[in-house]
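See structure below.
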Amino acid sequence: MRLSALFLRIGVFVFAALVSGLAARATVAVVEDRSVVSVRETLIDRGYDWTSVLGDGLQVILEGQAPTEAVRFRAISAAGSIVDASRVIDNMTVAESANITAPDFAIEILRNDSGVSLIGLIPTATDREALAERITKLADGQPVTDLLEAADYPMPDTWRPALNYALRALEMLPRSKISVSANHVAINAISDSAAEKARLETTLARNTPDGVRLAVAITAPRPVISPFTTRFTKDEDGVRFDACAVDTPDAEREILWAATNAGFEGKSNCVQALGVPSRTWSTAVAKSINAIDALGGGTFTVSDTDITLSALQGTDQGTFDLVIGELENALPDVFALNAELPATPEAGAVGPPQFAATRSPEGAVQLRGRVPDDLVNMTAENYALAKFGRSNVTMGTRVVDGLPTGWSVRVLAGIEALSELSNGSVIVEPALVTIKGNTGNPTAQADITRLLIDKLGQTEVFEIDVTYVKQLDPIAGLPTPEECVAQIDEVTTARKILFDPGSASITVDTQPVVDDIAEILKKCANLQIRIAGYTDSQGGEGMNQQLSQQRAAAVLDALRVRRVPVSTFEAIGYGEADPIATNDTEDGREANRRIEFSLIVPETAPEEPTTLESIEAAPSE
């Protein structure tokens, strides 16, 4: 009996143990499943869907390949926010890191009267010694501050051309800031004059390396104009400014608004300058334009604070008196008005005496017409010889009596005005000076106007019809790099550059060819030219390459002797490579022995709107 009770108790205990074990296993399974599901959902929600979540009892195992070490750590942290971090087992791997991206190489260069400073990051492959030598040379004794750092990463293909271009620009710009990167060069500089500004912008635009964007901002000091002059005309030939000077963009807008209302449709030739005599200058000019419009035509000249107005012949006297009276009362106090209504000439009057000066496109100048005495005649001849050259002047003048007072001054002023034209004519009459022609100077009309006002006075009547021709402009008319190379190709096609047999000595007969090439290059902007030398296939390949290199270098040296700026040129010998004819015949071998000129990089000349065009495009207030 006692034994049966004992076995019963043991059985109950074993049964309870089995039930407890099963219950524990069931509980662990439930906890494991819920932990895995919760962790998996959290990782997916946070974007870590590349992970696999496994359960092993109370442990949560993470598997998968993380893109980076940082992402792997964030995934572990996300799992640890759901279950105890000690239960998270990391079996993840990390993908191999891609090559580290090279940094952006860039240099900031500042040059002024205190020296040159450089700061930035450059590739280790940059020739630091050559860079320092070049900067020291152009600093011309001024201190050089080098704060450049180097990084050992591959050099971008456009880095070297961009840097070389920036250094060439720095050499031309003694007061400048230049920012250089592999694909962009930004230049900010100060020039000495507007003409220098135009020359620099043209030169810089012609040398942009291929694949490098250029941003140029060159400022020039405003010119000082004295007397401060504006001349406006409305007649049967149209509405025009012979000269226009302003002190601010707002002043220009005010004047152009009045001129537009009077019928002006041309492009503004107003020059922003220093020397304005009054802040009310633009108001005086605008009111004078309104008066000319109200009269139906005429001419006015504002020189400093003096205004001279001349109505058209035949203008009604009552209208003239009314308009001039209103203008006198409307002008600012500092301005003085002198107005006249020209008398209508009597019928049958004899034509006025004349003096004429003409200049042909080839430069030949002829003076003809009347002068008051031999002294004036000799003075006019000597003045013309000084302006145009002794071989270009032909005299056809005649000494007569009875010429108007001041005739000699008008003659000399006419000759000086003609010197502003590339070709044209000047007609001097007692009541009128007429200037017509072409010029390569965009400000020639305003310059001639100021000249005549200065020499003859504000009350004199003159007509100016001068056309700006871009091809005559010594800056804008420069040939493009492609045109320069094309001209050289024409020369070398007709006459080859020849060398003494087996040597790099240019033959005597070939020297005129090199002279012609040098003259072409002197007319071009600062180009990047490659001089390539080639040979035929006779002889050893290494010897041919060396000979071609020596011959290309000889041509480069010959151009340097002829004072061609060759700092941006390179001479390369290609030996017997790239034949243009067969090497089996003497004629073919002769053709293959050659010198070729080519651009190192394509050139571009981006055009941007001028300041005046931007002002004209601005909305009127």
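None of the figures in this text is laboratory data; all of them are computed from the coordinates on show. Bear in mind the structure is a predicted one, so any value in this text is a computation, not a measurement. In this analysis, Cβ positions are derived from the backbone assuming ideal geometry, glycine residues included, and neighbour counts consider all displayed protein chains.
Numerical summary
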item	result
Using θ = phi - 60° and Karplus 6.51 cos²θ - 1.76 cosθ + 1.60, couplings along the stretch 187-197 (whole Hz; Gly, Pro as x)	10, 10, 8, 10, 9, 7, 7, 5, 5, 5, 4
Separation of alpha-carbon centers, the stretch 176-224 and the stretch 235-305, rounded to whole Å	32
Spatial separation of Cα centroids for the stretch 77-132 and the stretch 533-597, in angstrom	46
Under Karplus coefficients 6.51, -1.76 and 1.60, residue-wise ³J(HN,Hα) of the stretch 427-441 in Hz, glycine/proline x	10, 9, 10, x, 10, 7, 10, 10, 10, 9, x, 10, 8, x, 9
Placed amide H near Val60: partners under 5 Å, 5+ positions off or other chain	Val88, Ile89
Net charge of Cβ neighbours under 15 Å - reference Ala79; Lys, Arg +1; Asp, Glu -1	-2
In Hz, Karplus ³J(HN,Hα) per residue of the stretch 134-144 (6.51, -1.76, 1.60; θ = phi - 60°; x = Gly, Pro)	5, 5, 4, 5, 6, 5, 6, x, 6, x, 10
Theoretical ellipticity at 222 nm over the chain - DSSP helices of four or more residues, -39500 (n - 2.57) apiece, nearest 500	-12500 deg cm²/dmol
Burial ranking of peptide ranges 147-153, 592-598 (average Cβ count within 10 Å, highest at the top)	592-598, 147-153
Listed peptides 565-576, 82-93 by packing density, highest first (mean Cβ within 10 Å)	565-576, 82-93
Order by protection proxy (mean Cβ within 10 Å, highest first), peptides 252-263, 278-289, 323-334	278-289, 252-263, 323-334
Gained length - Ala70 relative to Lys496, 0.36 nm times residue gap less alpha-carbon distance	146.6 nm
Proxy reagent accessibility, fewest Cβ within 10 Å first, across Val212, Val411	Val212, Val411
